[in-house]
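Structure record follows, encoded as structure tokens.
The values are calculated or read from the model by the stated rules, or taken from the named source; none is laboratory data. Keep in mind that what you see is a predicted model, and the values were worked out from it rather than measured. To get the accessible areas, we keep the full protein, side chains included, count just its heavy atoms, and leave off ligands, DNA and RNA. Shrake-Rupley method; radii C 1.70, N 1.55, O 1.52, S 1.80 Å.
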Amino acid sequence: MQHMHASTLGVVCLLLFATSARGQSLWMTEHLANNCEYEAALASWSMAPADVRGSFDSRLLKARILIQLDRGADAVSELSTLRKEASEKRMAEILLALGLAQSSARMFRSAETTLRAAREKGADTDLVDAAIAEVWLSSGRKGEAEALLRQVLRRAPDMAGPMLNLAALRAAEGNVTEAAALIRFAWALGYQNPTELRKAPEFERVRALGLINDLISTPSRRCRIY
């Protein structure tokens, strides 16, 4: 199975855009990101005043958008700087984002280490485990990834990211009917990005059978899951 694009497929879509920046000057950036328009969101961010772009929360928002655009290495660079500046209160948040960025950059060993450090700093266990499962899945450890995804979904059945990753596993095995059902569950839970569903290589066979035609043709867009 090919590596999942960070833009939507995988736990990266769990990022909390609404808490990323303060003030009104970046409201359009957040709005665009929450509606899956990541290129436009980054362009909007770049047009904000310099003092706004330089703030901690604004730079964190930029890093999260970069992850969604599968620009993991750029996000790692930004977050590594933020890590040096972060207060203890913000450290779990920064480490979680950094682990996701490292996963996007295919720095799998570092990503797992960083994510475990995020949990030690107080990051949500379900988010961390879902992210680690994504790392394992992207690095080819499918059996371990599936077991951890199922554990996460038993504890938190309303998480769309793990549901979508499980759908990708089923699709890779040729079980397209179950994959389609899981995609629909993820959609109902908040993952509503028809553009990505139309192009994701993981779901090529699902699309070919017309099992998600209604989803990929809808104008609905929503990527702010939590």
In what order, largest first, do Arg205, Arg83 sit by accessible area if the probe radius is 1.4 Å? Arg205, Arg83
Under Karplus coefficients 6.51, -1.76 and 1.60, residue-wise ³J(HN,Hα) of the range 209-216 in Hz, glycine/proline x: 8, x, 7, 10, 4, 5, 6, 6
Reach of Lys121 by Cα under 28 Å, taken over lysines that are not fewer than 8 positions away in the same chain: Lys62, Lys84, Lys89, Lys142
Could you list which residues have their amide H under 5 Å from that of Arg222, counting only those 5 or more apart in sequence or on another chain, with H placed in the peptide plane? Gln192, Asn193
Cα shape, the chain, gyration tensor, a/c 1.5 rule: oblate
I'd like the Kirkwood hydrodynamic radius of the range 107-226, using the inverse of the mean 1/r over distinct C-alpha pairs, in Å. 14.8
Arrange the residues Thr125, Thr113 by how much accessible surface each exposes, largest first, with a 1.4 angstrom probe. Thr113, Thr125
Roll a 1.4 Å probe over the protein heavy atoms and report the accessible area of Asp214 in Å², nearest 10. 80
Can you run phi through the Karplus equation (6.51, -1.76, 1.60; θ = phi - 60°) for the range 151-168 and list ³J(HN,Hα) in whole Hz, with x for Gly and Pro? 4, 4, 6, 5, 7, 9, x, 9, 8, 6, x, x, 4, 5, 5, 5, 4, 5
Residue-wise, which Karplus ³J(HN,Hα) couplings in Hz belong to the range 174-187, taking 6.51 cos²θ - 1.76 cosθ + 1.60, θ = phi - 60°, and x for glycine or proline? x, 8, 6, 5, 5, 4, 4, 5, 5, 4, 5, 4, 4, 4
Check: C-alpha center the range 93-151 vs C-alpha center the range 180-198, spacing in Å is 21
